[in-house]
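The values are calculated or read from the model by the stated rules, or taken from the named source; none is laboratory data. Everything numeric here is computed off the predicted structure, so don't read it as measured data. When we count neighbours, we look across all protein chains shown, and the Cβ atoms used for this are built from the backbone with ideal geometry, even at glycine. For the accessible areas, the whole protein counts, side chains as well, though only heavy atoms, and no ligand, DNA or RNA atoms are used. Shrake-Rupley method; radii C 1.70, N 1.55, O 1.52, S 1.80 Å.
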2 protein chains.
Amino acid sequence: MIIEKKCFIDNQNRGITTDLIKLLAPYFKHHKYKAKEHLWYDGDNANKMFFINSGIVKIYDILEDGNTITIYIFEKNTLFGFMPFFDEEPYPAYAEVVKESDISTIDRATFNKIIKENPELSLKLMKILSKRLRDAMIKISENNNKDTLSRVASMLVSIYFTHNNCYTENQNYTIEMKLPSYEIANYIGVTPETLSRNIKHLSEKKIIEKIGKRSYKILDLEQLKEISSIY
Amino acid sequence: MIIEKKCFIDNQNRGITTDLIKLLAPYFKHHKYKAKEHLWYDGDNANKMFFINSGIVKIYDILEDGNTITIYIFEKNTLFGFMPFFDEEPYPAYAEVVKESDISTIDRATFNKIIKENPELSLKLMKILSKRLRDAMIKISENNNKDTLSRVASMLVSIYFTHNNCYTENQNYTIEMKLPSYEIANYIGVTPETLSRNIKHLSEKKIIEKIGKRSYKILDLEQLKEISSIY
DNA sequence: CGGGACTTTGAAACTTCTCAAACTAAGTGG
DNA sequence: CCACTTAGTTTGAGAAGTTTCAAAGTCCCG
């Protein structure tokens, strides 16, 4: 359970959402989005929620200085965008497709009706909401860590666990970044240059090794964990 | 509603919790906690939830480098500690009393029973959970802002709005920090020295003025907003 | 009045960011 | 199929800002 604490990409697809999705499926409208398209903007009022069939979506915010910070990276089988349904406030951030996505949506009214007819579903939603909150709290901790190297290490370790479904600790030490490195940098709150330098540093220390455009092999997981010092 | 976006101290006491608390009240157990006492530790399993009648509690985490980061500061009339009830994971952070508090607790089993008998309550909880998530997302944005001055300004503005209940924009420009300044510093993710220097800077620019040990007068709210550039 | 806790100030060290430029990879069009 | 263009990554050097550490100052309470 501590392992799961650090999944890099929200890995919701482990039974939590399935019942929910099954129920919602008949009402879903499907739509394809290209990279860079926005699902919503900061301040928008929510009138629907989203489910990713394939692709990647990021939730980000624009900071005072004009820079951006990515708050979540959502992958397939993720249900999101429903928070404003409950607290009745607009979206507090932007949602942008970063990789061509196949997304299902359901409008608020329909959703409310379904929930009303199936009150037990709210518990599932609560679970998802809790998971989001937990992730956000972890992110707050991580991003406040001044040392960028441990942030990078954390990120790598959590990609490793995400790939292994956060549960099985198998022997496949190959990890793959599904996003360009500037997106990853943004997610962990550093500049691309800083990320690059830290990756280089870890490579020189033979802790990781670049084996492809966006893939790395973890040579020394224990030391990587040590540096990230979360596990 | 944008105004509310930035309440410094979670100001839950506006009707959201009242119904809930009324129902839970008969089952509450009351307890007084002194400053520095812990309600729970990171990794603890949750067996009860908490309601603050008076006092202040902070939720914080310990970072890799040994420093700490405060994630939430909860005041009276706040219900918290229930997130692990839903996602079945342990607490992801610590809860420490920072100011002598009068706290009611309710155990998990009792709570579950009440929820089961009153399913409409889960919607209220969802609302609180959403609010927490929203606050967390805002905090992620703010803490990633490299410029510490704007973080300090943000903090001051949001204390201002919190004091004014986040709704009424009255003429009382006096704000009071309810915590020692090192706690405030920790909350916004800077050192006490940096906070002090920024406060000094704002004072020199006649944007705020110290009028008491922990109280300030906002002389130029517009400029303070400008610097925080959130509103 | 004295002690302890907290805050402010100063100076130096450190790290990241910024900016610029070289480099690489990939995709496009001739 | 190659040259060209563009997007993205890496490298370097310098600037900027916060942190760190140390010390002085302030405030409150016994």
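Below is a table of values for the structure above.
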{"quantity": "Interchain or long-range residues, amide H under 5 Å from B:T68's placed H", "calculated": "B:L63"}
{"quantity": "Debye intensity ratio in log₁₀ form over the Cα atoms of segment A:147-228, taken at each q of 0.12, 0.22, 0.25 Å⁻¹", "calculated": "-0.29, -1.06, -1.40"}
{"quantity": "Averaged over A:63-69, number of beta-carbon atoms from partner chains that fall within 10 Å", "calculated": "6"}
{"quantity": "Furthest towards positive pole of dipole, A:V157, A:S228, A:G189, structure part segment A:147-228, Cβ charges", "calculated": "A:G189"}
{"quantity": "222 nm mean residue ellipticity, helices alone, for chain A (DSSP H n ≥ 4; -39,500 (n - 2.57); rounded to 500)", "calculated": "-12000 deg cm²/dmol"}
{"quantity": "Pairs from B:K48/B:K178; A:K116/B:K139; A:K225/B:K36; A:K48/A:K116 whose Cα-Cα separation, in the structure shown, is over 21 Å", "calculated": "B:K48/B:K178; A:K116/B:K139; A:K225/B:K36"}
{"quantity": "Global geometry of segment A:181-231, whether rounded, prolate or oblate, following the gyration tensor of its Cα atoms and the 1.5 cut on a/c", "calculated": "oblate"}
{"quantity": "Peptide ranges B:42-50, A:98-106 listed from the most packed, as the mean C-beta count within 10 angstrom indicates", "calculated": "A:98-106, B:42-50"}
{"quantity": "Three-way shape label, the protein assembly as shown, alpha-carbon gyration tensor, a/c 1.5", "calculated": "rounded"}
{"quantity": "Rounded, prolate or oblate (a/c below 1.5 giving rounded, otherwise prolate when a/b exceeds b/c) for segment B:45-103 by Cα gyration tensor", "calculated": "oblate"}
{"quantity": "Within chain B: Cβ-based charge dipole about Cα centre, in debye rounded to nearest 20 (Lys, Arg +1; Asp, Glu -1)", "calculated": "600 debye"}
{"quantity": "Residues of segment A:147-228: accessible area per residue with a 1.4 Å probe, Å²", "calculated": "49 Å²"}
{"quantity": "Buried solvent-accessible surface, both chains (B, A), 1.4 Å probe, Å² to nearest 100", "calculated": "4400 Å²"}
{"quantity": "As computed over segment A:26-70, the Cα convex hull volume per residue (Å³)", "calculated": "87 Å³"}
{"quantity": "Chain A - percent of accessible surface contributed by carbon and sulfur, probe 1.4 Å", "calculated": "49 percent"}
{"quantity": "Charged-residue dipole, Cβ positions (Lys, Arg, Asp, Glu), the protein assembly as shown about Cα centre, Debye nearest 20", "calculated": "260 debye"}
{"quantity": "Chain-alone versus full-assembly comparison, segment A:82-129, residues with accessible loss of at least 30 Å² (1.4 Å probe)", "calculated": "A:M83, A:F86, A:D87, A:E89, A:P90, A:P92, A:S122, A:M126, A:K127, A:L129"}
{"quantity": "Segment B:12-143, accessible area per residue, ligands and nucleic acids excluded (1.4 Å, Å²)", "calculated": "40 Å²"}
{"quantity": "Size of charge dipole - segment B:12-143 - debye, nearest 20, with Cβ of Lys, Arg +1 and Asp, Glu -1, no other charges", "calculated": "660 debye"}
